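Have a look at the structure below, then the notes.
Taken together, the values in this text are just the output of simple stated rules run on the coordinates, not laboratory data. What you are looking at is a predicted structure, and each value in this text was computed from that prediction instead of being measured. Note that each Cβ is placed from the backbone with ideal geometry, even for glycine, and that neighbours are counted across all protein chains shown.
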Ligand code: GDP
Ligand code: MG
């Protein structure tokens, strides 16, 4: 039997970029076109088995993006081992918001936190407003994926890359 490692993961990003949808795709492999927006934060867990017989269990805190919940965010990212910061490739303002979360985490969160940037809604390619941000992510030391919670594009890949980046001693 391999070992199991447990990590706390927080999702951050502007409202309606698809944070809850990414978690629902990852945990339940399901997508709702009409989902209720998150109030406060929601908790879910999911495990990933890596090739080397280790298991990574993520305890996922899916936060609400609305400005009125902003003061609660430190409660969720303090003590987080990893974070997924989400923007919507069709909404320019959502990338500015994502970058401000990256800055805040790099200043205030655990210095060892693993941060992934996710440009969501790749199924809406025709409405794309933001070029692929690989260079920005690389320079900021982030994992980076463009994803679609709707089609499941790169969702498993995103969480697996985070699992592989975690310290498994
Ligand atoms: P959150 O506020 O960041 O948690 O965003 P939600 O997960 O609640 O999603 C907001 C809206 O965007 C909902 O109508 C979702 O159905 C839609 N949505 C989320 N992810 C995707 C995606 O990958 N593609 C498309 N086309 N719509 C998405
Ligand atoms: Mg939500």
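Can you tell me the relative contact order of the range 35-169? Whole percent, Cα pairs under 8 Å, sequence separation 6 or more.
20
Which order do the peptides 17-29, 146-158, 38-50 take when ranked by the mean count of other beta-carbon atoms within 10 Å per residue, highest first?
Averaged packing, sorted descending, gives the order 17-29, 146-158, 38-50.
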Sorted on mean Cβ neighbours within 10 Å (highest first), peptides 114-120, 133-139 come out as 114-120, 133-139
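Where both partners of a DSSP beta bridge lie in the range 1-81, what percent of those bridges are antiparallel, to the nearest 5?
On the way: 9 of 17 bridges.
The antiparallel proportion sits near 55 percent.
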Report the per residue volume, in Å³, of the convex hull enclosing the C-alpha atoms of the chain. 111
Restricting the count to DSSP beta bridges whose residues both fall in the chain, what percent are antiparallel, rounded to a multiple of 5? 25
